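The values are calculated or read from the model by the stated rules, or taken from the named source; none is laboratory data. Note that this is a predicted model, so its numbers are computed, not measured. Because the Cβ atoms are built from the backbone with ideal geometry, glycine has one as well, and the counts that use them run over all protein chains shown.
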Amino acid sequence: MRNYYPIISLIFTNLIPIFGILFLQWNLFQLLFVYSLETAIIGLFFNLRMIFSKIITNQNQVLSLYKRIEGTIFGDFGLVVFIVGHATFIYILSITAEQRLNFSDYLFFLPLLFISHSISFFFNFIRRREYKIPVSVGLLLLQPYKRVLIMHLTIVIGGIITVSLSSYLGLVIPLIILKTLLDLIFHLKEHNSYKTN
């Protein structure tokens with residue numbers, strides 16, 4: 001039986017920026033920068049899954065703690081590269097568009113993203129007991145990258161198109177909706193990949 005709290009939380013949290021853009025005068029590049037930092041939150045829960053999941057090798061053996069830590073470090077390195085690369089890209093893009101990248105007033109959105117991911121982790125990994133379901137090390141290592149790649153690709157393409165327009169309001173809302181839909185699709189695919197007993 002599916003629990004809909006994580007889905008509701010994901011949709012609600014991802015759609016908050018529409019309110020911010022329309023009524024709080026949020027800056028597009030501040031929003032994209034915060035989206036880029038969401039990768040760090042995804043990485044945190046990836047670490048927890050790597051340590052506590054029942055990971056099996058191709059030989060159907062449970063992965064040792066040393067190998068789990070090794071895989072976690074390897075995965076984290078790639079995610080850090082994504083964060084630095086795309087944060088730099090968005091910063092350069094903001095300079096090109098002559099918009100100040102001061103996101104201190106918008107950082108409350110990061111805790112909301114963290115809460116949304118926490119709800120998903122609790123209801124799926126803990127309450128649904130995904131940690132007891134055997135999962136291959138390859139599948140677990142790829143999970144965050146599938147989501148992050150699509151998210152950052154959306155940011156890059158949307159950012160480039162937006163900078164080329166004199167007014168970005170007509171594009172940024174569809175961009176937020178697209179990011180939300182992609183997030184939802186990968187969320188469902190990720191948790192459907194676990195075969196319950």
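May I ask you to verify whether Ile73 is out of contact with any helix residue (DSSP H, G or I) (no Cβ under 8 Å at 6 or more places or on another chain) and modelled with pLDDT of 90 or more? So Ile73 passes the test. The one condition from (1) surrounded by 19 or more Cβ atoms within 10 Å (Cβ to Cβ); (2) part of a helix (DSSP H, G or I); (3) of a type in the set (Phe, Trp, Tyr) that Tyr66 does not meet is (1).
Taking first residues from region 30-50 that are within 22 Å of Leu142 (Cβ to Cβ) and surrounded by fewer than 21 Cβ atoms within 10 Å (Cβ to Cβ) and partners that are modelled with pLDDT under 85 and of a type in the set (Gly, Ala, Ser), the Cβ contacts under 9 Å between residues at least 6 apart in sequence or on separate chains come to Leu37/Ala87. Restricting attention to region 144-159, the residues that are touching a Ser or Thr at 6+ places or on another chain (Cβ under 8 Å) and either surrounded by fewer than 19 Cβ atoms within 10 Å (Cβ to Cβ) or modelled with pLDDT under 75 (or both) add up to 3. State yes or no: is Ile18 part of a helix (DSSP H, G or I), of a type in the set (A, V, I, L, M), over 17 Å from Tyr131 (Cβ atoms) and under 13 Å from the mean Cα position of the chain (by Cα)? Here the answer is no, as Ile18 does not meet what is asked. Screening Phe45 on (1) at pLDDT below 90; (2) in a helix (DSSP H, G or I); (3) touching a Pro at 6+ places or on another chain (Cβ under 9 Å); (4) not charged (D, E, K, R) shows it passes everything except condition (1). Just checking, does region 69-77 include any residue being buried (at least 16 other Cβ atoms within 10 Å of the Cβ), under 17 Å from the mean Cα position of the chain (by Cα) and not polar (S, T, N, Q)? Among the residues of region 69-77, at least one is buried (at least 16 other Cβ atoms within 10 Å of the Cβ), under 17 Å from the mean Cα position of the chain (by Cα) and not polar (S, T, N, Q), which makes the answer yes.
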